[in-house]
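For reference, the structure discussed in these notes is given below.
The values are calculated or read from the model by the stated rules, or taken from the named source; none is laboratory data. No experiment lies behind these values; they were computed from the predicted model shown. No Cβ is skipped: glycine too gets one built from the backbone with ideal geometry, and neighbour counts run over all protein chains shown.
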Amino acid sequence: MTQDSSKKPMDAIMALCKRRGFIYQASEIYGGINGFWDYGPMGAQLKKNLRDAWWQDMILRPCWGRNGPNGKPVRNVGLETCIIQHPKVWEASGHLAGFADPMRKCAGCGHFVRADQLWDTIVTASEWFASVIQEFDPAPEGTQTPRLNAERLMKWARTKGKRLAPNLALVRNPEVTLSWLVTRVNGQPESPPEIIEIVRHLATEQLNVTGLQDPCPRCGAVLGEPAPFKLMFETFAGLTQTEDNKVYLRPETAQGVFVQFKNVADTTRIKMPFGIGNTGRSFRNEITPRNFTFRSREFEQAELEFFCHPDESLDWYKFWRDFRMEWWKEIGLAGENLILREHEKDELSHYSQGTSDVEYRFPFTSPGFGELEGIAHRGNYDLTQHQKVSGAKLDFFDTDRGEILPNGGKKGERYLPHCIEPAAGLDRGALALICEGYTRDDSRASPEFLKLHPRIAPVKAAVFPLVAKDGMPEVAEKLHAELSDKFWKLGGVEMDEKQSIGKRYARMDEIGTPFCITIDGDTMAVQTVTVRDRDTATQQKVSLDKVGAFLSEKLGV
Ligand code: ATP
């Protein structure tokens, strides 16, 4: 049974991360820097294990060797591209234009709205606005302002409103909001408010405290102040710090793949359909970095761009969406804390035929969920854009398609492939695994422990001599050397001879070590060791010469 993550205390999880060397605040001795985090010895290894698992299951042996929807094995290759690219890359991708305007961020759903287009967006494109306005009675003759129909609005708030605008004050607290509105709208027939004011009333709960504020066109929550928002960090390449030399730190790894698509296709023997994977640091100057590492300004992504024929793209979209959900489950996220959320039609970009998010219920998002990975059908939008801005031809000549020629070969078909993009965040992934693994059981001597999947656990096993005498340290050292030789590539095996055995168990439990092996009196007498299981705290005897084989089996390696 998975434990509901909403019951897990985030402050205890963060304290454990610091105490046991998983995550530290960046530049901590200078007071820290908002939105930046460093990984300590345990965290660095955990994140490496996660990155390796991604690379192994996506690039080296894609989808655990299973076939794609075309009935053939999935083919992917790796790529490593620069953080700094030609500035035109960001012009083509839309990042430069998209984030240079005064933006307002929604405190509820994180949606950005162009400040200068807010009311246009609300009136023309907001689903909840269109819906709620129908619940008003028409404006009396000679006036502009519709009349409030409290009964219908109350009904709307309790039904449709919950889906369309969960953060609107009218939905969260209909009684209070409606009583204000009745007084303001119906009570002053001589100076009726404008429609904009009514909508602000619908959004804002404690009017006397907060005043009227603008609502998010998407969810109805109050919008933040407009800020000239540039998402991308800027710097200069070259000696002179002029506009001509301005470059950007990438906000995503995906664009590096699109601009190298042609090179990869031309210099490898890969055939369509195929994917190109890219992992690495991305940078976003987030307005409000928050929730520990969940929203940082520097973070790591693992993205795959999977290219295919347009006719096959929907099948591949569904395939990747389902596989990515399965993958997160396989490495340790399961049960009700993990969901796959298919975007509504109105959430999709104009070029997308489908987007889903793998979302995890973090303690700080609970009862809601936070995105771990987005799987997007991007059509041929990115290749089209780069083709247009760079002038390079990025189409693909597929020799496996087209009519059959007299010689038995195919005529071939030239097309711009469609792309399916599973884009995961490794920091959010690591945090989700830590939150999911965090378990408290006050009946145990070491009440806090991390139930990490053995593949992800930073330390696979620990060897303890029960006491520092009677030949036990020597046997422990020998076993430790033997196990280290066997498992070092997976993150290693530790040896600990300090403090009481209980404290040593507690430390290993807190860093998520699946097994502890104690050299004790029985080892010296009958050559057996005591192996303790992290999750059950049960102990069993294993023959000294079989410990390696025992661990291989249990760790699945
Ligand atoms: P959000 O809506 O939460 O800002 P996004 O939809 O902009 O995320 P994508 O552009 O799809 O995110 O990026 C892919 C993945 O990169 C996300 O699913 C997430 O795991 C990770 N990611 C994005 N922004 C951040 C961030 N500021 N900090 C940590 N991880 C991030």
Can you pull out the residues in region 378-392 that are over 19 Å from S313 (Cα atoms) and out of contact with any helix residue (DSSP H, G or I) (no Cβ under 8 Å at 6 or more places or on another chain)? Q387, G391
Just checking, does region 113-124 include any residue being within 16 Å of the ligand (Cβ to nearest atom) and either assigned by TED's automatic domain parsing to the domain that holds A165 or assigned to a loop (DSSP other than H, G, I, E, B) (or both)? yes
Residues of region 382-395 being surrounded by fewer than 20 Cβ atoms within 10 Å (Cβ to Cβ) and under 12 Å from L416 (Cα atoms), which ones? T384, Q385, Q387, K393, D395
Checked pairs for region 427-439, first in a helix (DSSP H, G or I), second more than 14 Å from the ligand (Cβ to nearest atom) and among the aromatic types (F, W, Y), C-beta under 9 Å and 6 or more apart or across chains, list as A430/F22; I434/F22; G437/F449
Only one of F112, F136, F129 is of a type in the set (F, W, Y), under 14 Å from P226 (Cβ atoms) and crowded, with 17+ Cβ neighbours inside 10 Å; which? F112
Kindly indicate whether S296 is farther than 19 Å from N380 by Cβ, of a type in the set (S, T, N, Q) and surrounded by 21 or more Cβ atoms within 10 Å (Cβ to Cβ). yes
State all residues of region 293-317 that are more than 10 Å from the ligand (Cβ to nearest atom) and not aliphatic (A, V, I, L, M); if no residue qualifies, say none. E305, F306, F307, C308, H309, P310, D311, E312, S313, D315, W316, Y317
When (1) surrounded by fewer than 18 Cβ atoms within 10 Å (Cβ to Cβ); (2) more than 16 Å from the ligand (Cβ to nearest atom); (3) farther than 17 Å from A424 by Cβ are applied to W64, the one that fails is (3)
Out of region 495-533, which residues are free of Cβ contacts under 8 Å to residues at least 12 places away in the same chain and within 20 Å of F22 (Cβ to Cβ)? K503
Determine which single condition F369 fails, assuming it passes every other condition in (1) more than 16 Å from the ligand (Cβ to nearest atom); (2) in contact with a strand residue (DSSP E or B) (Cβ under 7 Å, 6 or more places away or on another chain); (3) at pLDDT below 95; (4) over 23 Å from A254 (Cα atoms). (1)
Flagged pairs (Cβ under 7 angstrom, 6 or more apart or on separate chains; first in region 267-290, on the phi > 0 side of the Ramachandran plot; second within 16 Å of the ligand (Cβ to nearest atom) and among the hydroxyl-bearing types (S, T, Y)) are G280/T253
